[in-house]
1. Quick one: net charge of GLY27's neighbours, Cβ under 14 Å, K/R +1, D/E -1?
2. With a 1.4 Å probe and every protein chain kept in, tell me what percent of the accessible surface of the chain is carbon plus sulfur.
3. So, in Å, what gap is there between the alpha-carbon centers of segment 7-31 and segment 112-156?
4. Provide the net charge surrounding VAL127, with neighbours chosen by a C-beta distance below 13 Å and charges set as Lys +1, Arg +1, Asp -1, Glu -1.
5. Name the long-range amide H neighbours of GLY10: under 5 Å, sequence gap of 5 or more, or other chain; modelled H, no Pro or chain starts.
6. At 222 nm, what value in deg cm²/dmol follows for the chain if DSSP H runs of at least 4 each add -39500 (n - 2.57) and the sum is divided by all its residues, to the nearest 500?
7. For the chain, give the share of DSSP beta bridges that are antiparallel, in percent and rounded to the nearest 5; count only bridges with both residues there.
8. Just to confirm, what accessible area per residue do you get for the chain at 1.4 Å probe, in whole Å²?
Amino acid sequence: MANKSKIILGIDPGTIVMGYGLILAEGKKASLIEMDVIKLSRFKDHYERLQLIHSRVNELINTYKPDCCAIEAPFFGKNVQSMLKLGRAQGVAIATAMQAGLLVSEYSPKKVKQSVTGNGNADKEQVWLMLKRILQLQERPDYYDATDALAVAVCHFYQESNPLSGLSKSKGWEKFLQQHPERIVR
């Protein structure tokens, strides 16, 4: 990411409330552009909700021109119908981003929490407090779905700025040292 600025769109998919957050990543620093939610509960038809997700994600992409999209992977629940609907919402958001030419990365909820707070089991309040500190935010949003989406964007920022990301575990250090001989202490 070396000094090039980049806009990252983070999405927390949902069928009732879907969160989104946009950050500007410049070097090793990130700042908030916008975070909010798409309220879908007033639409009773699930297909109408999917259409709204497509339209709003498309609108966000056209307005802010993000360089990439990060989305939270659905967690495994007991209700199969809820999981199916959530998967559809996530799929529509991914397809919309890909259709716009964005590279999409998916992160598990545990990975997002680990990246932002250092604890994969952190609660939503802990995630919010760390985001507040990292991005110097003031006002708490009305929905944690917005902060969850923002956390996904920050997670992606951290993953991209990590010099070891993308390296396989078996050859990771060898490849890293080949690419960075100046790091070898003799």
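1. +2
2. Values: 5620 of 10920 Å².
It is 52 percent, rounded to a whole number.
3. What the calculation gives is 11 Å, centre to centre.
4. Numbers: positive: LYS110, LYS111, LYS113, LYS124, LYS132, ARG133, ARG140; negative: ASP12, GLU72, ASP123, GLU125, ASP145, ASP148.
Here the charged neighbours net out to +1.
5. Hits under the 5 Å cutoff: GLY21, LEU22, ILE23, ALA70, ALA153.
6. Numbers: 6 runs with 86 residues, N = 186.
Dividing the helical sum by the residues of the chain leaves -15000 deg cm²/dmol.
7. Counting DSSP beta bridges with both partners in the chain, the antiparallel share is about 65 percent.
8. 59 Å²
The values are calculated or read from the model by the stated rules, or taken from the named source; none is laboratory data. None of the values given here were measured: they were computed from a predicted structure. Every residue, glycine among them, receives a Cβ derived from its backbone with ideal geometry; neighbour counts consider all protein chains shown. For accessibility, only protein heavy atoms count, side chains too; no ligands or nucleic acids. Shrake-Rupley method; radii C 1.70, N 1.55, O 1.52, S 1.80 Å.
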